[in-house]
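These notes concern the structure reproduced below.
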Amino acid sequence: MATALAKAAESTAAVEHAARIEHVSKSFPGPAGQQLVLDDITLDVAPGEFVTLLGASGCGKSTLLNLVAGLDRPTAGTITTDGRPALMFQEHALFPWLTAGKNIELALKLRGVPKSERRGRAEQLLELVRLKGSYGKRVHELSGGMRQRVAMARALAQDSQLLLMDEPFAALDAITRDVLHDELTRIWAETGVSVLFVTHNVREAVRLAQRVVLLSSRPGRVAREWRVDMAQPRRIEDAPVAELSLEITDVLRGEIRRHGQH
Amino acid sequence: MASTETTDPTADAPVKDRGDAGGLEAGLDALETSVASRTPFRQTFVNKILPPIVAVGVVLVVWQALISLKIVDDPTKLPSPADVGNEFRDAWLEGTLLGYIWTSISRGLLGFLFALAIGTPLGLLVARVKFVRAAIGPILSGLQSLPSVAWVPPAVIWLGLNNSMMYAVILLGAVPSIANGLVSGIDQVPPLFLRAGRTMGATGLKGAWHIVMPAALPGYLAGLKQGWAFSWRSLMAAEIIASSPDLGIGLGALLENGRNASSMSMVFEAIFLILFVGIAIDLLIFSPLERWVLRSRGLLVKG
């Protein structure tokens, strides 16, 4: 499986897609034999596209993201990405023994950027997330929103074509979250990176994405997709955002209700 | 800004807001960042330095009272503070005081460095290799509770009355602590750090060097601190039990000499010196190191 993945990654298909997920299934050993978590997921992310994966608990969205990140292997199907994707978590996952700047430099170092260029590049990335002057700050000296921005800068330092985000703003307060939505939209537009963003917040999904993919739960399947054509930057309060959110929420609730019936 | 697709009457407002998004963010950052101030020296003195001085003062007063009020009236059981002070002064004037201390400290630190060199790779091995952990993990934890003085008789028989025997006893006392500290440090590395490291390409040796080792540092340091305490205790036990003219006079030997000479003030002198050195090494080396590591990670709770 690993060699198949590696070979596929070198093929030309990767150029047209930041990520291509084909007929991917994943099961884990459970108390009653193998438990199917993801069932035949097929999903492409085009270069520069912003896709949100939306679903209730148990839809396997984080599992899918782990598979795309290469942290785990699918039971069936193939996933191809153009190089190693960067991954952002709900927790900032910054290393507390390093300063904000050194966290970013570690990502650069592991990517093989020469020492002489790291400092300058790290300062640039900090400026991109509007944290100029925070190079020497320790992680615990930063607020939750600032930590997630440093984490974003560290993910961008991997210079990957694809940025995977696993509910990165879920633990933040609402005011900070709104601001970070604006920031993410701006950075996405400036860098041209593709984003696959997992969330259970419908409005957040609509606020950010060009395409919203709804997953059903247990097992996770692609239930429906929506294109979001509203121009960016949007606001979470915009009427069209609210309207589409309402529509998606109804479908999502329908999916959840199915689990209550036997 | 193509707002044609939206019929929202406030659609223009975001444009204005966004022009100042940086300012908004700077405001949020400022609101959420607390400014840490340095505690003034006066407060540090009252909270940290004064209490131990008072405690030592109280002990000295009670001690002197026991003598003055003739509650204990037997210098062979309890010498007066002045007698013990004289003992210190005599040793200092004869130039032997620093010699006693140095004999023990040099042995203790050298033994500790050996223990470090053995305990660290041993800890890594136990933490990372499942078979090794299953094989010697429990023994290593058990050895921590074995008083290292138990090793003195066999060490004397195996190695004779010399410095090697002292080092052997120190090693057997300190190595388990250091290795165990490293093992628990590595066990407590948050899995999130390992995942984050892996997505950045830190796997295998790179992962061990950039992620696991620095993340395990606080546990490792705690192990070192305990390892030093065990080294020092083991060494004193060895020096008290195994005295020989060839070994030079360390603090343990000084204590034993005091007992043989029935000089209680010399015994007290030795006890105070042993205590003093143990505390001094901890205060001068391990505590600052530990505080620095914890503070730089925001793990030190301000008391």
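The values are calculated or read from the model by the stated rules, or taken from the named source; none is laboratory data. In this text, all values refer to a predicted model and were calculated from it rather than measured experimentally. Note: ideal-geometry Cβ built from the backbone for every residue, glycine included; neighbour counts use all protein chains shown.
Some observations on this one:
- Residues of the range A:125-141 classified as without any contact (Cβ under 8 Å) to a residue 40 or more places away in the chain and farther than 15 Å from B:Arg297 by Cα, total: 8
- Residues of the range A:207-242 satisfying the condition of being buried (at least 18 other Cβ atoms within 10 Å of the Cβ), free of Cβ contacts under 8 Å to residues at least 60 places away in the same chain and under 18 Å from the mean Cα position of the chain (by Cα): A:Arg207, A:Trp226, A:Val228
- Considering the range B:141-208, the qualifying helices (runs of 4 or more DSSP H), each wholly inside and each with 2 or more residues that are more than 14 Å from chain A (Cβ to nearest Cβ), run over B:152-159, B:163-187.
- Total residues in the range B:250-293, condition among the small types (Gly, Ala, Ser) and in contact with a Leu (Cβ under 9 Å, 6 or more places away or on another chain): 4
- If you go through the range A:103-147 and keep only what is among the basic types (Lys, Arg) and within 11 Å of chain B (Cβ to nearest Cβ), you end up with A:Lys109, A:Arg111, A:Arg130, A:Lys132, A:Lys137, A:Arg138, A:Arg147.
- Options A:Ala170, A:Ala189; residue that is of a type outside the set (Phe, Trp, Tyr), part of a loop (DSSP other than H, G, I, E, B), touching a residue at least 24 places away in the same chain (Cβ under 8 Å) and not assigned by TED's automatic domain parsing to the domain that holds A:Leu110: A:Ala170
- Top-ranked residue in the range B:223-252 [being surrounded by fewer than 24 Cβ atoms within 10 Å (Cβ to Cβ) and among the small types (Gly, Ala, Ser); ranked as nearest to B:Ile285 (Cα to Cα)]: B:Ala229
- Residue match in the range B:285-296 (condition: over 30 Å from B:Ile105 (Cβ atoms), assigned to a helix (DSSP H, G or I), touching a residue at least 24 places away in the same chain (Cβ under 8 Å) and within 11 Å of chain A (Cβ to nearest Cβ)): no
- Residue that is nearest to the chain's Cα centre (by Cα), among those in the range B:47-79 that are exposed (fewer than 10 other Cβ atoms within 10 Å of the Cβ) and among the basic types (Lys, Arg): B:Lys77
- Residues of the range A:62-79 satisfying the condition of being within 16 Å of the chain's Cα centre (by Cα) and among the β-branched types (Val, Ile, Thr): A:Thr63, A:Val68, A:Ile79
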